[in-house]
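Each remark here refers to the structure printed beneath this line.
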Protein chains: 2
Amino acid sequence: MLQIWALEGIPEVAEGDDLVDLIGRACGDSLRDGDIVVVTSKIVSKAEGRMVAASDREDAITAETVRVVATRESSGHRTRIVQNKLGMVSAAAGVDASNTPEGTILLLPVDPDASARAIAAGLRSRLGVEIGVIVTDTLGRAWREGQTDSAIGAAGVHVFEDLRGQTDAEGRPLVVTMPCVADEIASAADLVKGKASKLPVAVVRGRADLVGPVDLPGARSIVRPLERDMFRLGADEAYADGFAAGARSAASDTA
Amino acid sequence: MLQIWALEGIPEVAEGDDLVDLIGRACGDSLRDGDIVVVTSKIVSKAEGRMVAASDREDAITAETVRVVATRESSGHRTRIVQNKLGMVSAAAGVDASNTPEGTILLLPVDPDASARAIAAGLRSRLGVEIGVIVTDTLGRAWREGQTDSAIGAAGVHVFEDLRGQTDAEGRPLVVTMPCVADEIASAADLVKGKASKLPVAVVRGRADLVGPVDLPGARSIVRPLERDMFRLGADEAYADGFAAGARSAASDTA
């Protein structure tokens, strides 16, 4: 049985706030060894002072961007799918205008894995329980409409279920499948946190087998390396690059 | 509080088996109005007789494919990302060799939304409770390693959370975000079903607000239409198409 609930009593978070203290108070003595605390990146960003003026939105997205993956204009609205400094591919580099004070936007935490490690170590020390921490963001997907919450930071929790050495029910090795349990936990927690509510932290109980040392590989390990990424560029962008190269090649053949 | 558990007592499923009867028996009288029953597509495929000989794997994938999105060869292993008849983009068209009898592979259900509707209507009638049904498959993602379970069929449950008309905690309209709760529920359920176990059905309790008429839009509505899909073709494939077109264009300019 998996149980998931949102923590009540997390106040509005401001720059400099101690998240371990805020989450620790909201938890009281409710946490047990093996629980996983799922924290919306928005409050991590707020505590880290990652708020900037909304008027600087386009510049902020550019500053956060390492590589533009795809751009689409539609009815006057420009969507930029970009890879950010963390390697993550997302719309607008995760720059977010919802649930922020009027006139401001939020950037993602600088290093969500480090944020998760600090929260996990702090909560373990304060509460005396071995918990895992996942920091989440709401991400769009290729090929599918809508968004799901995914893990952008993790500490003290295995982000993949390691099925190596295990067999299926017929006794054959499970080689290809590597469930990204961190993303599944992030998605599960979104079902109780919601988008319109002020419930930025949830607890997932029932997968203590996934909880381990604080320094397990973080969510950075979920990001697919560029050289393995078949969708490292949008179809229109890749076509345009190819077209230009093809035209140059034909021209140099003729010359 | 969200509660998720796997149903014990679902036997090995064979062609022609009545899933409503198998799941209904395993549920006993444990279901309540608003519960969501999450069914691994594998047992739907088995009941529908979608098993073929493993030796026909490549031909089966080709037969299931409407459009090749990307192909990658790596150490003698060819991965085909394709769009299938349902519009879904996935590796190998969802053709699956795990947890199937030796020498066989499974194709996806012909129409998972229809399968979900039949199971939902059957369980509602048999058990007298208004439940939703989601049929799941394990899908890879662009940009991120590993897989998560996603909804490929749905009935009696809203696949998107409708935030239109709602506001964020600052009172501003939530316009862009459209959480795909069906995929989030599929992922959550995978956390109790597992891949190596014989637990193909889970129950999610605590989001009764998402349950409605059996004929709500199904998981087909999650598939992004091609004209809105920035990643409708792999980067290498789009580049190659562009290169050929660029070369032709330069050649005709010269001629």
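For the range B:30-74, what are the residues that are over 19 Å from the mean Cα position of the chain (by Cα) and of a type in the set (Gly, Ala, Ser)?
Answer for the range B:30-74, where residues must be over 19 Å from the mean Cα position of the chain (by Cα) and of a type in the set (Gly, Ala, Ser): B:SER30, B:GLY34, B:ALA53, B:ALA54, B:SER55, B:ALA70, B:SER74.
Can you tell me which of A:SER187, A:SER197 is among the polar types (S, T, N, Q), more than 13 Å from A:VAL133 (Cα to Cα) and at pLDDT 95 or above?
Checking each option against the conditions leaves just A:SER187.
Quick check on this structure: which one of A:ALA70, A:ALA47 is small (Gly, Ala, Ser), modelled with pLDDT of 95 or more and touching a strand residue (DSSP E or B) at 6+ places or on another chain (Cβ under 7 Å)?
Every option except A:ALA70 fails the conditions.
Any idea how many residues of the range A:214-255 are surrounded by 15 or more Cβ atoms within 10 Å (Cβ to Cβ), within 8 Å of chain B (Cβ to nearest Cβ) and among the aliphatic types (A, V, I, L, M)?
Selection size over the range A:214-255: 11.
If you go through the range B:120-151 one residue at a time, how many are open to solvent by less than 10 Å² (accessible area, probe 1.4 Å) and in a helix (DSSP H, G or I)?
2
Tally up the residues in the range A:236-255 that are hydrophobic (A, V, I, L, M, F, W, C) and in contact (Cβ under 8 Å) with a residue 24 or more places away in the chain, please.
0
The values are calculated or read from the model by the stated rules, or taken from the named source; none is laboratory data. In this text the structure is predicted, and so the values were computed from the model without any measurement. Cβ sites come from the backbone with ideal geometry, for glycine too, and all protein chains shown count toward neighbours. Ligands, DNA and RNA are excluded from the accessible area calculation, which covers all protein heavy atoms including side chains. Shrake-Rupley method; radii C 1.70, N 1.55, O 1.52, S 1.80 Å.
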